[in-house]
Amino acid sequence: MKTHISIVSPVYRGEKMVAELVQRNVEALRSITEDYEIILVNDASPDNSWQAIAQECAKNPRVKGLNLSRNFGQHNAITAGLSYAQGDWIVIMDCDLQDKPEDIPVLYRKAQEGYDYVVARRAVKHVGWWKRFSSKAFHATLDWLSGAHTDPAIGNFGIYNEKVIKSILAIPQQVRGLQTLLSIVGFKNGEVLVEQAPSARGGTSYTLHKLFAQAFNVIVARTNKPLKFAVKLGFTLSSVSFLLAVYNLLAKWIGVIQLAGYTTTIFSIWFVGGILLLMMGVLGLYIGKIFDQSKGLPIFVVSDEINTEKE
């Protein structure tokens, strides 16, 4: 059934936040419309998040619950919610209340100025130095290797026209980073400056390892720059090796070198061997992603639904 605004929120370790999330969303939407839906996607959370979602669905039929069969990750959970959204406009936000529901009317009003989607630029981040460092490292790695420009102040929180969401869902790519997909489809976009609240969860589920894993997934899915870098590196090493060979021959003929250096030989073998393994590893990453994509694995699997038209 068509509605005006859909809110999609992936839920992980959100048992204690779901009730407040729904309440504040409902209050924020009153200034816009009564024609809304709130889609909460439980990404196989280890706590009682699904039970909390079910309770909110029982109270309000406009709240819809999706329970994934296993943990697919935040971006895949968002994709699941988007595939069920029926709104003319779709809001994407996290469940930990760092994205404030009270900012939704601000995003909506900005979108009415003629934008296809509007994202929130976070003015204040209530996080420690380690999270700031890891986030900057993530975006620096992603920008350098992908050739794109990503902004650590912009996350998933925003409002998107249904045509933007349909275009994103039409992309069969396994790696579902929202900002990457938006850069592919284009559309006119705007920004709104918002203040990010402290996480109600009390921390982040994104470790440095997860951030870099996400970065490399996006890089492999988006660009072949690492392969080009490997080719350039191989060509450079080959050139240096050729010059060193010429030098050693000349030095041997004129008597500068009396005995070939064992250390230099061993170092060269280890160095070139390491570079070859590195290039093979980069190539293997791309082959692995091609293999995963060719298998046609599901991006998400929904095991339970509440208040949805498909149930």
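Is region 49-69 home to any residue that is over 18 Å from the mean Cα position of the chain (by Cα), of a type in the set (Asp, Glu), over 12 Å from Val8 (Cα atoms) and assigned to a loop (DSSP other than H, G, I, E, B)? Give the derivation first.
From region 49-69, those over 18 Å from the mean Cα position of the chain (by Cα) are 49-69; that's our starting set.
If we keep only those that are of a type in the set (Asp, Glu) too, we end up with 56.
Now restrict to residues that are over 12 Å from Val8 (Cα atoms): 56.
Now narrow it down to the ones that are assigned to a loop (DSSP other than H, G, I, E, B): none.
No, region 49-69 contains no residue that is over 18 Å from the mean Cα position of the chain (by Cα), of a type in the set (Asp, Glu), over 12 Å from Val8 (Cα atoms) and assigned to a loop (DSSP other than H, G, I, E, B).
Tell me, yes or no, whether region 93-106 has at least one residue that is in contact with a Ser or Thr (Cβ under 7 Å, 6 or more places away or on another chain), buried (at least 23 other Cβ atoms within 10 Å of the Cβ) and either among the aromatic types (Phe, Trp, Tyr) or in a strand (DSSP E or B) (or both).
Checked against the condition, which is being in contact with a Ser or Thr (Cβ under 7 Å, 6 or more places away or on another chain), buried (at least 23 other Cβ atoms within 10 Å of the Cβ) and either among the aromatic types (Phe, Trp, Tyr) or in a strand (DSSP E or B) (or both), region 93-106 yields no hits at all.
Give the residues of region 6-36 that are crowded, with 24+ Cβ neighbours inside 10 Å and at pLDDT 90 or above, sorted by residue number.
The initial filter retains those residues of region 6-36 that are crowded, with 24+ Cβ neighbours inside 10 Å, namely 6-11, 14, 18, 21-22.
If the condition is that a residue be crowded, with 24+ Cβ neighbours inside 10 Å and at pLDDT 90 or above, then Ser6, Ile7, Val8, Ser9, Pro10, Val11, Val18, Leu21, Val22 are the ones that fit.
Residues of region 38-66 being basic (Lys, Arg) and crowded, with 23+ Cβ neighbours inside 10 Å, which ones? Steps first, answer last, please.
First, pick out the residues of region 38-66 that are basic (Lys, Arg): 59, 62, 64.
Scanning region 38-66 gives a single hit, Lys64.
What residue, of Ala77, Ala85, Ala111, is modelled with pLDDT of 90 or more and either in contact with a Pro (Cβ under 8 Å, 6 or more places away or on another chain) or at positive phi (or both)?
Numbers: Ala85 fails: either in contact with a Pro (Cβ under 8 Å, 6 or more places away or on another chain) or at positive phi (or both); Ala111 fails: either in contact with a Pro (Cβ under 8 Å, 6 or more places away or on another chain) or at positive phi (or both).
Criteria check complete, one pass: Ala77.
Name the residue that is modelled with the highest pLDDT, counting only residues in region 283-311 that are among the polar types (S, T, N, Q) and not in a loop (DSSP other than H, G, I, E, B). Write out each step before concluding.
The initial filter retains those residues of region 283-311 that are among the polar types (S, T, N, Q), namely 293-294, 303, 307-308.
Narrowing the set further to residues that are not in a loop (DSSP other than H, G, I, E, B) leaves 293-294, 303.
Values: Gln293: 61, Ser294: 67, Ser303: 91.
Across region 283-311, the extreme among qualifying residues is Ser303.
The values are calculated or read from the model by the stated rules, or taken from the named source; none is laboratory data. The shown structure was predicted, so the numbers you read here are calculated from the model rather than taken from an experiment. As a convention, Cβ positions derive from the backbone with ideal geometry for all residues, glycine included, and neighbour counts pool all protein chains shown.
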